[in-house]
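Derivation of every value follows stated rules applied to the coordinates shown; laboratory data play no part. Please read all numbers here as calculations on a predicted model, not as lab measurements. No Cβ is skipped: glycine too gets one built from the backbone with ideal geometry, and neighbour counts run over all protein chains shown.
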Amino acid sequence: MTEAASQKKYNAIAGRKGKGGQWVLTCDKGRFISEGKQLSTLVAAFSDTRIMFAALRVDGVDVQDNVTSVRSKMVRLDWVGPKVAAKQRSKSLTGKATISELFTGTAGNQSYTEKQDITMLAIAEHLLNSGGAHKPTKYDFGGGEEISLSDVQNHKNPTTCATTTESKSTTTTTTAPAETTKPKKKKKKPKYGGGPSKPAPTEATKGKRGANVCWILENFVEKTEKTITITTTGESDLVDISNIKVQGRGQLLIKIVGKCNKLLINQAQKVAIVCENNVVSIIEIVRCKKLKFQALGACPTIQLSKSEDCTFYLPRDFIKRGATTGLDFFTEECNGINISHAGATEDDDQVEVPLPNQIKTIVDAEYNVTHNIVPLHDG
């Protein structure tokens, strides 16, 4: 079926007759694959060997007294199967432009490479962060699959503050004349971690992502000089580094010792990371600034999205250490990305190569479309 069929299905789901949990699935060229209901059936429909895009309707249900209102949101899910060849992954970037024209008016998009990461909680948190002041009682994913607002909020902030009865009574029984005081402004939550009140960890937390071991280091601000070592236990392990910022004169070096299957780096700022062994599958870097990364082992693919001023250091014999087909970089909405590698001989200086961030598209008289990289430097 054609792109027009996919768009027709999408419009029907997003319209008044659509229901929470309905979804439509397309290939990277926008052609219709299938449709259905419930998030669980959508997850099952994703193929490990394909690049696919889905639009899912989620209904925000608000119950107040005897009145129930429903506000729907369309969410786009971008899927790259874990068994997709590294050289084919670039199709996900070109496919996003096509899908953006088919799936209009979505409440953002989320990218996934592992099925166990696609959960009601992950999508509900995305909707809660991107929504306005209105918050529903629950999110309906169809067929009885739903999650309450309280479950989402408790996951984001497990500690809740309650005003005690004693404090209320003291404010209402004062003998002094009532004074008008300005309401206290709510303190903005720090963008990175918990601020000074939350001490920085000294090691990663060991957890689970599906059947795989996952090492998690997240949510803190570093203001001192520190080195954190993450020692993996096998090449199926995952490493997740997220929401970390270095301030002032602080320096943070994260060493990853041992093989891992995948390395995820999200919202890391002014952090240095050294990967001492092989990354079997992929390194994904999202929303990072001033990141310094050095790969000492083999890695077939590095994928960057919405990042800037990042430098990747490659040793002289990097390609010979198992990455026989070379190293593939995929960039999306990035700026100031550089590769620094050793010169031809040991006496030569390091060579820095900037990655292009501009592409020129040419449409000729026969409507043939070609894409050319715009050089960053003349000559």
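Structure notes:
- For the range 3-155, the extents of the C-alpha atoms along the principal axes are 54, 33, 26 Å, listed from largest to smallest.
- Computed lengthening from ARG16 to VAL257, 0.36 nm per intervening residue step minus Cα-Cα distance: 81.4 nm
- Annotation: the residues ILE373, ILE256, sorted from fewest to most other C-beta atoms within 10 Å of their own C-beta, follow the order ILE373, ILE256.
- Between THR104 and LYS292, the FRET efficiency estimated from the beta carbon spacing at R0 = 41 angstrom works out to 0.60.
- ILE359-THR224 pseudo-label distance in nm [points 7 Å out on the Cα-to-Cβ vector]: 4.6
- Less than 5 angstrom separates the built amide H of SER340 from those of PHE312, TYR313, LEU314, VAL353, all sequence-distant by 5 or more or on a different chain.
- Under 16 Å from LYS208, Cα to Cα: aspartates and glutamates that are on another chain or at least 8 residues apart: GLU114, ASP117, GLU218, GLU235, ASP237, ASP240
- Each of LEU314, LEU121, LEU56, LEU127 has some number of other Cβ atoms within 10 Å of its Cβ, and from fewest to most they run LEU121, LEU127, LEU314, LEU56.
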